[in-house]
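This report concerns only the one structure given below.
Just so it is clear, none of the values below were taken in a lab; they were calculated from the coordinates. Note that this is a predicted model, so its numbers are computed, not measured. Reconstructed Cβ throughout: ideal geometry from the backbone, glycine too, with neighbour counts over all protein chains shown.
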Amino acid sequence: MLQRLHETGLRSEHAYLAGFVSIGLSFTSWFLSKHLERAGVARADRWGIFIGEWAPTFFAIGNGLRTYESR
């Protein structure tokens, strides 16, 4: 899988960047949902957690790609 990702042009820096962006999107979606929707804090928390779960995946892919690139 890592070889295929690397061959398509994805580098570890891209995956790390996606991880940091997902952290920012998590906070942004939580904040906007909390202040713009009438569904309450519980829904805002679910949005924030849902998007926040993407970050570890991106960081893990970045670590794998970094290891693959260093070979």
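Which net charge results for the neighbourhood of G62, defined as the other residues with beta-carbon distances under 11 angstrom from its beta-carbon, given Lys and Arg at +1 and Asp and Glu at -1? Kindly include the intermediate steps, with their values, before the conclusion.
Values: positive: R11, R66; negative: E13, E69.
With Lys, Arg at +1 and Asp, Glu at -1, the net is 0.
Loop-located trypsin sites (Lys or Arg not before Pro) across region 22-52 with a Cβ neighbour count of 14 or fewer within 10 Å are R38, with loop assigned by DSSP. Gain on full extension, evaluated as 0.36 nm per residue between E7 and H35 minus their Cα-Cα distance, stands at 5.9 nm.
Among the GluC sites (Glu not before Pro) in the chain, those placed in a DSSP loop whose Cβ has at most 16 other Cβ atoms within 10 Å are E37, E53. The label-point distance for I23 and R46, in a model that sets each label 7 Å from Cα toward Cβ, rounds to 2.6 nm.
Calculated from the structure at hand, Cα extents along the principal axes in Å is found among (1) 32, 23, 17; (2) 51, 15, 13; (3) 32, 19, 19 as (2). Calculated [222 nm] ellipticity per residue, helices only, for the chain: -27000 deg cm²/dmol; basis is -39500 (n - 2.57) per DSSP H run with n ≥ 4, divided by all residues, nearest 500.
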